[in-house]
Amino acid sequence: MRIVPLAAVLLIAHSATAQALDRAIREGNAAYKKGDQDAAIRSYSKALADQRGVFNLGNAHYRQDSLTDAQRDFEAASTLAKSPGEQARAFHNLGNSRMLQKQWQEAVNAYKQALRRAPGDEDTRYNLAYAQKKLQEEQQKQKQQQQNKDQQKQQQDQQKQDQQQQDQQKQQDQQAKQQEQKQPGQISKQDAERMLEAMQQQEKAAQKEVQKNIRVRPKEPIEKDW
């Protein structure tokens with residue numbers, strides 16, 4: 001990943017009426033260039049009333065990877081800035097600190113603020129495009145994760161419903177079996193109807209057999225006396 005370096009212009013104090021602030025900023029700049037960020041932070045912290053001191057303090061925190069502190073400093077610097085250029089640099093560095101923490105949406109917002117004040121800054125434009133790409137990838141990943149989560153929940157709900165139906169059917173079967181065991185002499189209505197019908201059929205058959213065997217007996221012949 002190519003990230004454009006910080007807009008680390010270490011601002012030089014010019015105001016003769018703010019000698020203490022100027023001295024603190026100069027000392028901070030010297031320590032910053034030597035790589036002694038702790039000393040730079042101590043010096044810049046004495047110049048918080050000056051936008052230059054706050055901006056450079058953000059740079060020192062950034063170099064220490066104290067990104068939360070750097071964000072706070074760059075936000076304050078953007079508020080204290082008196083010119084669009086100063087604001088653009090503060091927002092650019094704020095975007096960088098956001099991006100290093102993978103806060104893509106916040107980085108995009110910061111770079112857009114910088115470009116509104118410095119539309120021709122190609123470094124900011126490049127970083128904005130990169131942050132937008134990473135933001136889109138993150139959103140797609142989150143969308144896919146949500147879809148997978150929803151699908152998994154649907155499957156779990158279906159399995160739960162199926163299990164409930166199986167348990168209910170099992171319970172009904174057990175109750176029916178227990179009922180049969182408690183009343184062995186009882187028969188179901190269907191069985192009773194079938195037995196009644198069979199008995200009626202047997203009775204009809206027996207009646208037919210009886211009628212078939214009945215004959216009209218002929219009169220006996222009259223006997224004659226010889």
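Each reported figure results from applying straightforward, stated rules to the coordinates on display, with no laboratory input. This structure is a prediction, so every number in the text was calculated from the model and none was measured.
By the equivalent-ellipsoid construction on the alpha carbon gyration tensor, region 30-163 comes out with semi-axes of 41, 18, 11 Å, ordered largest to smallest.
Rg and Dmax of region 72-134, based on Cα coordinates, read 10.5, 32 Å.
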